[in-house]
Amino acid sequence: MPLLLPSLLWSLLGAAPASTDALCAGRAPCRVVETLPAGMDARGQPLSVVHLDLGWFAFDDVPERLDRKLGPGRKEQGRLVENDCAAAEWWVVSPESSQLLLAVCNDGYGSAEKGEDVVKVKDGLVSHSRTGGGGQLWRHTRVLRLSPWSWVREGHVNFAAGRDDVEDSALWDFTTLQGSRSLGPSLCKDGPSAPNKRTLPYLPRVAMDAAYLDEGWKRSELGACALPAKHAVGGKSHAARDASLKALLVAPDVLILEVRDDHWVGDGGTRWREEDHVQLWLGPQSPEALTGCGKPEAGERLVQWALGVTTGSVFLAYGKSLEKPEVERVELRGAGQALEGYRLKVTLPPGSFAGLGLAYSDADPGQDRARLLATSPLKFSRPETLNIVREVPAAEGTCEARGGALEVVPTPARIRGPDVAVFPTGTTSGS
């Protein structure tokens, strides 16, 4: 049998394996800094992440967008000065192929010139964290699953230079459509700080099709594709043991609620405060834009509606409004047709809110006051404590009815070519 050359052998067996040396071929200056094991792909092929040091770019030679394999114009000697930046790439390599993950050129990422890119690999996940800024530093992090290609998490943190105190932060999980924004206390005009640090969960808004909006919502549980109420803001703290509330925006003005309880109170009378009801707070501004200093101004004031869970009745409870929400409801029956809860479709007044808060008032007999289980750290009449509404674009994911309940379906990460970076594009300034 004649001796086969390696290239011919691989042409018979399949594509030639990617080589870390090949990534630097003809690209001087270039060196492999490290090679990190990255688990297996869906076919059982071993993956690794390769970090390349590509020298320096002078300012005039830096590509306008760093979303592709870095081309010529790099130099071997240099230092971090005003007109230079350090070029680097990260690639994911398998025996059959290579894919550019990230291309950067670090110019310090801000006036402090202490910015850096950190890439970590663990359990088939790759995280990229970029730090930069000046008097105020920031860190932005994205996490990617390599097989199948999909985004996992994204986060952002701001903190003061020289201190570990986090001034504000945000986190979003693409696999659950859950996240939150944490805001530190603001300095008010009269000197004291506003109320303590706020952590405000995002209320996701996922665009659902006409079939779901018409009849599908009656048949599908919200499942994992909704925001659960986890904040006990009134009454006894064990409300979650016998009651629950979930919420999901499915259109700009349509809210789906799911309420479960072990004991129902309400006959449709006028004493709605003593019956099981959902408090619906609507704010004209997003709470992340508010400081919480002083009383809400005219353009910040809330409107509160009370939605009778057992009756579907709607009452204006606080504030002023010319239009009220419309409520449709279905019963949720369990084993033996026992009543376990209600699902409500709430059509909101158009253009009425940028922030939204919800609380279930569980009016069990014998309580001194109703227990309140809320979707945020809700405080009466305070617009800065509502949920932040976060639209989920189709590029991130959606919700689909499967097996009688909604499930999160993340959108696969976009792969545009082996030499085009998977991580989002950036500039030398880190924007």
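The values are calculated or read from the model by the stated rules, or taken from the named source; none is laboratory data. The shown structure was predicted, so the numbers you read here are calculated from the model rather than taken from an experiment. Note that we place each Cβ from the backbone using ideal geometry, even for glycine, and neighbour counts take in every protein chain shown. Only protein heavy atoms, including side chains, enter the accessible area calculation; ligands, DNA and RNA are left aside. Shrake-Rupley method; radii C 1.70, N 1.55, O 1.52, S 1.80 Å.
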> Taking segment 87-98 on its own, how many of its residues are surrounded by 22 or more Cβ atoms within 10 Å (Cβ to Cβ), touching a residue at least 40 places away in the same chain (Cβ under 8 Å) and small (Gly, Ala, Ser)?
Replying inline: 0
>> So the check is Cβ under 6 Å with 6+ separation or different chains; which pairs have a first residue in segment 338-359 that's open to solvent by 10 Å² or more (accessible area, probe 1.4 Å) and a second one that's aromatic (Phe, Trp, Tyr) and not in a loop (DSSP other than H, G, I, E, B)?
In response: 345/217
>> With the requirement that a residue be at pLDDT 85 or above and either open to solvent by less than 20 Å² (accessible area, probe 1.4 Å) or in contact with a helix residue (DSSP H, G or I) (Cβ under 7 Å, 6 or more places away or on another chain) (or both), what does segment 51-83 give you?
In response: 52, 54, 55, 57, 66, 70, 73
> Can you find even one residue in segment 99-108 that is in contact (Cβ under 8 Å) with a residue 24 or more places away in the chain, touching a Ser or Thr at 6+ places or on another chain (Cβ under 6 Å), open to solvent by less than 30 Å² (accessible area, probe 1.4 Å) and not in a strand (DSSP E or B)?
Replying inline: no
> So is residue 301 in contact with a helix residue (DSSP H, G or I) (Cβ under 8 Å, 6 or more places away or on another chain) and open to solvent by 40 Å² or more (accessible area, probe 1.4 Å) or not?
Replying inline: yes
>> I'd like the full set of residues that are in contact with a helix residue (DSSP H, G or I) (Cβ under 9 Å, 6 or more places away or on another chain) and in a strand (DSSP E or B), limited to segment 375-398.
In response: 387, 388
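Does at least one position in segment 164-179 carry a residue that is among the aromatic types (Phe, Trp, Tyr) and more than 25 Å from residue 289 (Cα to Cα)? Can you show your working first?
To start, the set of residues in segment 164-179 that are among the aromatic types (Phe, Trp, Tyr) comprises 172, 174.
Narrowing the set further to residues that are more than 25 Å from residue 289 (Cα to Cα) leaves none.
No, there is no match, as no residue in segment 164-179 is among the aromatic types (Phe, Trp, Tyr) and more than 25 Å from residue 289 (Cα to Cα).
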> If you scan segment 191-227, which residues turn out to be farther than 21 Å from residue 248 by Cα, touching a residue at least 60 places away in the same chain (Cβ under 8 Å) and not in a strand (DSSP E or B)?
Replying inline: 194, 195
> Does any residue in segment 112-129 that is among the acidic types (Asp, Glu) come within less than 7 Å, Cβ to Cβ, of a residue that is in a loop (DSSP other than H, G, I, E, B) six or more places away or on a different chain, and which pairs are these?
Replying inline: 113/80
>> Can you go through 286, 244, 220 and tell me which one is in contact with a helix residue (DSSP H, G or I) (Cβ under 8 Å, 6 or more places away or on another chain), at pLDDT 90 or above and not aliphatic (A, V, I, L, M)?
In response: 220
> Quick check: anything in segment 280-297 aromatic (Phe, Trp, Tyr), assigned to a helix (DSSP H, G or I) and at negative phi?
Replying inline: no
> Which number in (1) touching a Pro at 6+ places or on another chain (Cβ under 9 Å); (2) within 22 Å of residue 256 (Cα to Cα) marks the one condition that residue 195 misses?
Replying inline: (2)
